[in-house]
1. Which condition breaks for residue A:90 when tested against (1) within 12 Å of chain B (Cβ to nearest Cβ); (2) of a type outside the set (A, V, I, L, M, F, W, C); (3) assigned to a helix (DSSP H, G or I)?
2. Considering every residue within segment B:138-156, establish whether at least one is free of Cβ contacts under 8 Å to residues at least 60 places away in the same chain, within 14 Å of chain A (Cβ to nearest Cβ), open to solvent by 10 Å² or more (accessible area, probe 1.4 Å) and on the phi > 0 side of the Ramachandran plot.
3. Any residue at all in segment B:9-26 that's open to solvent by less than 80 Å² (accessible area, probe 1.4 Å), within 17 Å of residue B:195 (Cβ to Cβ) and not in a loop (DSSP other than H, G, I, E, B)?
4. Of everything in segment A:341-374, what is touching a residue at least 60 places away in the same chain (Cβ under 8 Å) and within 14 Å of chain B (Cβ to nearest Cβ)? Give them in sequence order.
5. Just wondering, is there one or more residues in segment A:109-125 that are within 14 Å of another protein chain (Cβ to nearest Cβ), within 26 Å of residue B:137 (Cα to Cα) and open to solvent by 80 Å² or more (accessible area, probe 1.4 Å)?
6. Before we move on, is residue A:99 outside any loop (DSSP other than H, G, I, E, B), among the charged types (D, E, K, R) and more than 30 Å from residue B:190 (Cα to Cα)?
7. Could you grab the pairs with beta carbons closer than 8 Å, sequence gap of 6+ or different chains, first residue in segment A:14-29 and in the same structural domain as residue A:41 (by TED's automatic domain parsing) and farther than 15 Å from residue B:122 by Cα, second one among the charged types (D, E, K, R) and open to solvent by less than 20 Å² (accessible area, probe 1.4 Å)?
Amino acid sequence: MGTAMLQQLADIAIDNDTIFCHGAWTVSHIAWLSKHAFESLQTISQTDITLDLSHVTHFDLAGACLLNDIASFFKNQNSVVHYRCIDERQDELLSLVTERMQAEPATIPLPQFLVRLGMKTHKAWLQMLVFLSFFGQMVQSLSMWFRFPKRIRWQEVIHQIEITGYQAMGIVALLSFLIGVVLAYQMGTQLQSYGAGIYVVDLLGLSLLREFSPLLTAIIVAGRTGAAFAAQLGTMKLNEEIDALQTLGVDATEVLVLPKLLGLIIALPLLTVLAMVAGVFGGMLMSKLMLGITFVDFLDRFSSSVSAQTLFLGELKTPFFAVLIALIGCFQGFQVSQGAASVGSRTTMSVVQCIFMIITTDAVFSVIYSMLGI
Amino acid sequence: MADEAIVDFQNITTRFGQQIVHQHLNLTVKPREILAIVGGSGTGKTTLLRELLFLNRPAEGNIIAFGESIYQATSQQVMKLRRRMGMMFQSGALFSSLTVLENICFPLRELTSLDEKLIVEIAMLKAGMASFPADAVHKYPAELSGGMIKRAALARAIALDPELLLLDEPTAGLDPEAANSIDELVLALQQALDLTIIMVTHDVDTLWQATDRVAFLGDKKVLACEPMTALVRHSHPLIEAYFGNPRARAAEHSHEETKA
């Protein structure tokens, strides 16, 4: 180690047609020279060049590479290059470089904008076809479950309910409670100025039960569970575990996707009920603190002004959200190929697509409800 | 071989929970030799390499590398020690999001400030030395066969001109022809670059063809560390069992034939 400390940086000194090389020509000592050597070489006009290595203290392959570059620089100008005081080992390394050096093959240049656009569109179209076939496969596996209910893997389904439902209860309840508090506060201040504070109950009940709770819960679950599905299946794909399943004659969709789908279809509506309760409780607490509405008054008003239909209309959407989350998460997981980066990008994509589709579907439901006049 | 040891494992004891892997193990590696570590499964061959690379830490004992006790080194010295070693992992451990060329360039870009053109040149040279075909350097690791991955991993391991090269099962999972060419490659690299090589292997052909000495791990210590010709005559029951089976015998015969 001591000798390594004392190594001098590689350098060159030019004297007419002779280039004196100094110092340690090793990978850690030639950085400066590799960037600045060629500027000073430009000044040499002679055509018979001597490279003197008598002051080179250390020499490795990287140094040999640089020396070879310098020699090639002159050879390209049709100059003759001689080496002086080159020892046996340096000569060996130098000939190793000249023997084994390969040119970097050209990379394929980026195609033109229109070509790229076409390729992207084509790729998106293919993706959609792949998604359709994935969907078809899933429906097929699902129909098997309906025909032979004994094949349903209840243990796995219940395990999924635990992971996606039970373990998410804390975060869903807390966030819904906070949303209830915020909503009650915002609406309360407006209504209070009209002296219509009690109407906060109607507003809270309608907005939470019909819109906010289903939407918020679905978005939390998409971030929590959809991403987990994509990452888990993606890693299994990379490990060839999915290939192994198929080789064993087991339907990967049936084993891996259906329990998640069924589990989430059961868990999400239940989570949504919890979110409604927590949200209304948050609103109730805020109404008491800010508007002075007692719990008894609140609940009395709530049961008379918010119909059971509101609850059902909100709950009706949640199985659809569950299907979206499970399908998109699993599909993106199956699309992973080539390495860790693709697991990351597919997981991101699954969350973005889930949330996009959830909000879009929610909008569609609103349109349908209003057309039906409910 | 008058020089002092390049690596010295002193009194190493390694435990994983209750399980003791090494107990007071000693092993010395001389400069410019090719040393193979063999032994049954679970005898801690790879663990020994990982301890040298600071990836695992033994419960007791010390490792001297390049004349320095590695567990007393400051973090700066550790960085310097690491740069003097190159490691080729068993499954290659190539970065999956980078092409082969970018993989080989990676240590050069991160740890030196060389000119970009020179970095690519050095990387292409190392690929050539590891017999990695030039027209495949823009491929991603997922597109490569097992033999190609090993070659690319070898090229990355020698990118920084290490003095000490560690190979973990360089021929595992390769067809005999590819395994043979890796053996030749290891020998050629050792001669061209004056390397010291420590490799973990199960391949008896590799042991015959490409090693100076072989350390046999068993009973939590090094049972013997001798050249292959002496090791196969060793009388310890574990070593006899390892080299006494038909496969190992066949490798020995074929080696004698090629010599004759």
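1. (1)
2. So in segment B:138-156, the residues free of Cβ contacts under 8 Å to residues at least 60 places away in the same chain come out as B:138-149, B:151, B:155.
Cutting the leftovers down to within 14 Å of chain A (Cβ to nearest Cβ) gives us B:138-144, B:146, B:149, B:151, B:155.
Narrowing the set further to residues that are open to solvent by 10 Å² or more (accessible area, probe 1.4 Å) leaves B:138-144, B:146, B:149, B:151.
Filter once more, keeping what is on the phi > 0 side of the Ramachandran plot: none.
For segment B:138-156, residues free of Cβ contacts under 8 Å to residues at least 60 places away in the same chain, within 14 Å of chain A (Cβ to nearest Cβ), open to solvent by 10 Å² or more (accessible area, probe 1.4 Å) and on the phi > 0 side of the Ramachandran plot: absent.
3. So far as segment B:9-26 goes, no, none of its residues is open to solvent by less than 80 Å² (accessible area, probe 1.4 Å), within 17 Å of residue B:195 (Cβ to Cβ) and not in a loop (DSSP other than H, G, I, E, B).
4. Result: A:342, A:343, A:346.
5. yes
6. On the way: outside any loop (DSSP other than H, G, I, E, B): yes; among the charged types (D, E, K, R): yes; more than 30 Å from residue B:190 (Cα to Cα): no.
It is false that residue A:99 is outside any loop (DSSP other than H, G, I, E, B), among the charged types (D, E, K, R) and more than 30 Å from residue B:190 (Cα to Cα).
7. What qualifies is A:18/A:52; A:19/A:52; A:20/A:52; A:21/A:52.
Results for (1) over 30 Å from residue B:132 (Cα atoms); (2) in the same structural domain as residue A:12 (by TED's automatic domain parsing); (3) in contact (Cβ under 8 Å) with a residue 24 or more places away in the chain; (4) in contact with a Pro (Cβ under 8 Å, 6 or more places away or on another chain), shown as yes or no for each residue.
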residue	(1), (2), (3), (4)
A:67	no, yes, yes, no
A:92	no, yes, no, no
A:118	yes, no, no, no
A:132	yes, no, no, no
A:137	yes, no, yes, no
A:145	yes, no, yes, no
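The values are calculated or read from the model by the stated rules, or taken from the named source; none is laboratory data. Predicted, not measured: the structure shown is a model, and the values here were computed from it. As a convention, Cβ positions derive from the backbone with ideal geometry for all residues, glycine included, and neighbour counts pool all protein chains shown. The protein model used for the area step is the full one, side chains on, heavy atoms only, and it has no ligands, DNA or RNA in it. Shrake-Rupley method; radii C 1.70, N 1.55, O 1.52, S 1.80 Å.
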